[in-house]
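Student: Before anything else, here's the structure in question.
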């Protein structure tokens, strides 16, 4: 069961994030505060052990990007050509200097499945650290606090008020209307927003590219939660394993369910010739990208690395 502690007027308004020095924007969708049942019931078809037991999670309001972050947006961070463009009109939620943020290395091989950075394609082959640093850079550019979603925020957003296997119901035969999976993708990702959105207006929550979250992947973490769990986050400084959600173009339908979970692994850098291997790029995970959250609650300075990494 999902409940919401808001009136329609209190729901955060959607907004468009503009980025100084470019015509590119990020559409952000307001997600209401509320509680929901996280995980899946033993009766759900294709359910995995790491999805249970179901438990109640309570979250505060936030914004999440309507679409997965695209190559055009991510390359602003990689190339850093707009860093010095005036941002005097930016928000004042958070104040950090753009030039104090580490820049991603230029990829040493093509990371885009040979598709280049064609308009609207979701970014892939980026590490969770790289995705978090994009959020830090975007925060510095805009003055709004951006980060990756937690596992709980991601599932809450994907469900959009539902308790079924997918946000459209339980029948995987309908998946082709809402997402890109192994069955209909032709073994590649597709421009964002081509399928139908969920009830909260979010696109590609099932499939296309899987999406990084902030959490460490802990298969039995749900067994430790009693009663109502408020805004859970299990951050880690370890590279493996990090939680990935949503499934991808590379996956069968069962891995695209709202409750499905996946942990990252070192095979995603298997062909990386460098030593040590890149902290920015995966060579073997074009099926993993990310979307971002704007959090209205700014963490204390001592806690910020839980969201952006060290």
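The values are calculated or read from the model by the stated rules, or taken from the named source; none is laboratory data. Keep in mind the model is a prediction, meaning the values are calculated, not measured. Note: ideal-geometry Cβ built from the backbone for every residue, glycine included; neighbour counts use all protein chains shown.
Student: Count, please, the residues in the range 290-310 that happen to be in a helix (DSSP H, G or I), in contact with a helix residue (DSSP H, G or I) (Cβ under 8 Å, 6 or more places away or on another chain) and more than 30 Å from residue 191 (Cα to Cα).
Tutor: So the answer is 0.
Student: Report the residue count in the range 211-235 for those that are crowded, with 16+ Cβ neighbours inside 10 Å and under 21 Å from residue 282 (Cα atoms).
Tutor: Residues in the range 211-235 being crowded, with 16+ Cβ neighbours inside 10 Å and under 21 Å from residue 282 (Cα atoms): 7 in total.
Student: Can you tell me which of 1, 28 is buried (at least 18 other Cβ atoms within 10 Å of the Cβ) and either closer than 30 Å to residue 143 by Cα or at pLDDT below 95 (or both)?
Tutor: Exactly one of 1, 28 is buried (at least 18 other Cβ atoms within 10 Å of the Cβ) and either closer than 30 Å to residue 143 by Cα or at pLDDT below 95 (or both), namely 28.
Student: I'd like the full set of residues that are in a loop (DSSP other than H, G, I, E, B) and within 26 Å of residue 171 (Cβ to Cβ), limited to the range 230-280.
Tutor: Answer for the range 230-280, where residues must be in a loop (DSSP other than H, G, I, E, B) and within 26 Å of residue 171 (Cβ to Cβ): 246, 247, 248, 249, 250, 251, 252, 257, 258, 259, 260.
Student: Which ones in the range 43-62 are out of contact with any strand residue (DSSP E or B) (no Cβ under 8 Å at 6 or more places or on another chain), under 16 Å from residue 172 (Cβ atoms) and in contact (Cβ under 8 Å) with a residue 12 or more places away in the chain?
Tutor: 44, 45, 46, 47
Student: While we're on this one: In the range 94-115, how many are farther than 14 Å from residue 280 by Cα and without any contact (Cβ under 8 Å) to a residue 40 or more places away in the chain?
Tutor: Residues flagged as farther than 14 Å from residue 280 by Cα and without any contact (Cβ under 8 Å) to a residue 40 or more places away in the chain within the range 94-115 amount to 2.
Student: If I filter the range 209-225 for residues that are at pLDDT 95 or above and farther than 18 Å from residue 261 by Cβ, do I get at least one hit?
Tutor: Looking for residues that are at pLDDT 95 or above and farther than 18 Å from residue 261 by Cβ, one finds none in the range 209-225, hence no.
Student: Which ones in the range 145-172 are more than 16 Å from the chain's Cα centre (by Cα), crowded, with 16+ Cβ neighbours inside 10 Å and not in a loop (DSSP other than H, G, I, E, B)?
Tutor: Across the range 145-172, the qualifying residues are 166, 172.
Student: Between 138, 175, which is in contact (Cβ under 8 Å) with a residue 60 or more places away in the chain, within 19 Å of the chain's Cα centre (by Cα) and either crowded, with 21+ Cβ neighbours inside 10 Å or not in a helix (DSSP H, G or I) (or both)?
Tutor: Just one listed residue meets the conditions, 138.
So that you can scan it fast, the table gives a plain yes or no per residue for (1) more than 30 Å from residue 101 (Cβ to Cβ); (2) under 19 Å from the mean Cα position of the chain (by Cα):
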site	(1), (2)
198	yes, yes
216	no, yes
231	no, yes
242	no, yes
249	yes, yes
255	yes, yes
258	yes, yes
275	no, no
278	no, no
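Student: Just one of the numbered conditions (1) surrounded by 12 or more Cβ atoms within 10 Å (Cβ to Cβ); (2) over 26 Å from residue 204 (Cβ atoms) is not true of residue 92; which one?
Tutor: Evaluating residue 92 over (1) surrounded by 12 or more Cβ atoms within 10 Å (Cβ to Cβ); (2) over 26 Å from residue 204 (Cβ atoms) leaves (1) as the failure.
Student: Could you count how many residues in the range 189-229 are at positive phi and not in a loop (DSSP other than H, G, I, E, B)?
Tutor: Count: 1.
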